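A.B. asks: Quick one: the structure is below, and I'll ask about it shortly.
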2 protein chains.
Amino acid sequence: MFNSTAILRKHGIPVTAQRLALLRAVGARPHATADALAEAVRAEIGTISKQAVYNTLGTLVEKGILRRIQPAGSPARYEGRVGDNHHHLICRSCGKTVDVACVVGERPCLRASEDSGFRIDEAEVIFWGTCPRCLGKDGAQQAGPVKPQDFCEQTNKPPN
Amino acid sequence: MFNSTAILRKHGIPVTAQRLALLRAVGARPHATADALAEAVRAEIGTISKQAVYNTLGTLVEKGILRRIQPAGSPARYEGRVGDNHHHLICRSCGKTVDVACVVGERPCLRASEDSGFRIDEAEVIFWGTCPRCLGKDGAQQAGPVKPQDFCEQTNKPPN
DNA sequence: AACAAAATGTGGACAGAGTCCATTTTTTAC
DNA sequence: GTAAAAAATGGACTCTGTCCACATTTTGTT
């Protein structure tokens, strides 16, 4: 009976062995996939159904206890580090995900210039690149040279 | 024989009826899914295989002719508007996607503060929210009030 | 215009992630 | 302790997207 129990209680979520184990698993391995978390939980408490994993993760995300990251071409990942402000840097080649701090207070690109009548509730930023290890493996393979600055300019490749 | 043919030729991509139709379809409906595009192409030239759709879209994205957007929890979408610089605003409820201009020249949040040794090649920004129509349907349903400014601060919901 | 080689397209099987549902088990609240 | 409510189970199923072997179309050339 730890912190996890208190967190669930505080949010009015019934406390079950599965939820506690899942919460611990997320804490132990940030950015893990639902499947990986299920494995971790099974190793700890023996068994958990796929459904329970998805339900629980979904509930926890809804309550703001967990954050769900859904990078292109990869299954969803979960992390417990909420409340602070950060974005993600993902390796295109191996999927490795690391946190990058957001410079709070400077957010021009994060204010949509036209909101089209939408009620915006979140701005998600993902930096795509190649991690050190994958760089080592197939170093100069990507198309064209990359300027490491001016990311905003490079959100799209130039035409032609 | 239009522009599309020239584009393909310019990139050394063999010109086929499927590719031309696909290119036209993307132009006609930005942000469409592979499936929707396949339907559009079928309406135009009778038939196209799923595989051809994916192959072609993949090739076009590689060549920089198309951009692929892969929003969380939704199939990939494609758009032809490349070369300019913009991000996306997506409705959580119905998936509607609209372009939002990026304020070029102001990009603090888009410079990763720590690159962890990664070679970054793109910064992707997605604004999540609710579109006007969905707002009408279930107006005050989302959890908690939302401040429409300070997006950066709201990338995560506050703890507790 | 015709031909051979190379590149594409076709269709169906298959895989990964996630959802649906009816039923059983556990929590919670009284 | 008990009944009602909420979760968990597990198996079927859906949706995207990929793999593969074989048929078709493009290209580049003669």
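The values are calculated or read from the model by the stated rules, or taken from the named source; none is laboratory data. Owing to the predicted nature of the structure, the values given are computational and were not obtained by experimental measurement. With ideal geometry, Cβ positions are generated from the backbone for all residues, glycine too; neighbour counts draw on all protein chains shown. With ligands, DNA and RNA removed, areas are computed over all heavy atoms of the protein, side chains included. Shrake-Rupley method; radii C 1.70, N 1.55, O 1.52, S 1.80 Å.
A.B. asks: Among the residues of segment B:34-49 satisfying the criterion of being more than 10 Å from DNA strand D (Cβ to nearest atom) and under 20 Å from B:Ser74 (Cβ atoms), which is surrounded by the fewest Cβ atoms within 10 Å (Cβ to Cβ)?
C.D. replies: Narrowing segment B:34-49 to residues more than 10 Å from DNA strand D (Cβ to nearest atom): B:39-48.
Then drop every residue that is not under 20 Å from B:Ser74 (Cβ atoms), which leaves B:39-40.
Numbers: B:Glu39: 15, B:Ala40: 19.
Per the criteria, the residue is B:Glu39.
A.B. asks: Now for a separate question. Counting only residues that are touching an Asp or Glu at 6+ places or on another chain (Cβ under 8 Å) and assigned to a loop (DSSP other than H, G, I, E, B), which one in segment A:23-35 is nearest to DNA strand C (Cβ to nearest atom)?
C.D. replies: A:His31
A.B. asks: Output yes when any residue across segment B:77-95 is at pLDDT 90 or above, open to solvent by 30 Å² or more (accessible area, probe 1.4 Å) and either over 24 Å from A:Ser116 (Cα atoms) or out of contact with any Asp or Glu (no Cβ under 7 Å at 6 or more places or on another chain) (or both), and no when none is.
C.D. replies: Taking every residue of segment B:77-95 in turn, at least one turns out to be at pLDDT 90 or above, open to solvent by 30 Å² or more (accessible area, probe 1.4 Å) and either over 24 Å from A:Ser116 (Cα atoms) or out of contact with any Asp or Glu (no Cβ under 7 Å at 6 or more places or on another chain) (or both).
A.B. asks: Would you call B:Val100 modelled with pLDDT of 80 or more and either surrounded by fewer than 16 Cβ atoms within 10 Å (Cβ to Cβ) or closer than 19 Å to A:Ala123 by Cβ (or both)? Talk me through it step by step, then tell me what you get.
C.D. replies: On the way: modelled with pLDDT of 80 or more: yes; either surrounded by fewer than 16 Cβ atoms within 10 Å (Cβ to Cβ) or closer than 19 Å to A:Ala123 by Cβ (or both): yes.
Yes; evaluated as a whole, the condition is true for this residue.
Every residue, every condition in (1) of a type in the set (Phe, Trp, Tyr); (2) not in a helix (DSSP H, G or I), yes or no:
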{"position": "A:Ser4", "(1), (2)": "no, no"}
{"position": "A:Pro14", "(1), (2)": "no, yes"}
{"position": "A:Gln18", "(1), (2)": "no, no"}
{"position": "A:Ala21", "(1), (2)": "no, no"}
{"position": "A:Leu37", "(1), (2)": "no, no"}
{"position": "A:Ile48", "(1), (2)": "no, yes"}
{"position": "A:Tyr54", "(1), (2)": "yes, no"}
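A.B. asks: For segment B:50-62, name all the residues that are within 8 Å of DNA strand D (Cβ to nearest atom) and under 16 Å from the mean Cα position of the chain (by Cα).
C.D. replies: If the condition is that a residue be within 8 Å of DNA strand D (Cβ to nearest atom) and under 16 Å from the mean Cα position of the chain (by Cα), then B:Tyr54, B:Gly58 are the ones that fit.
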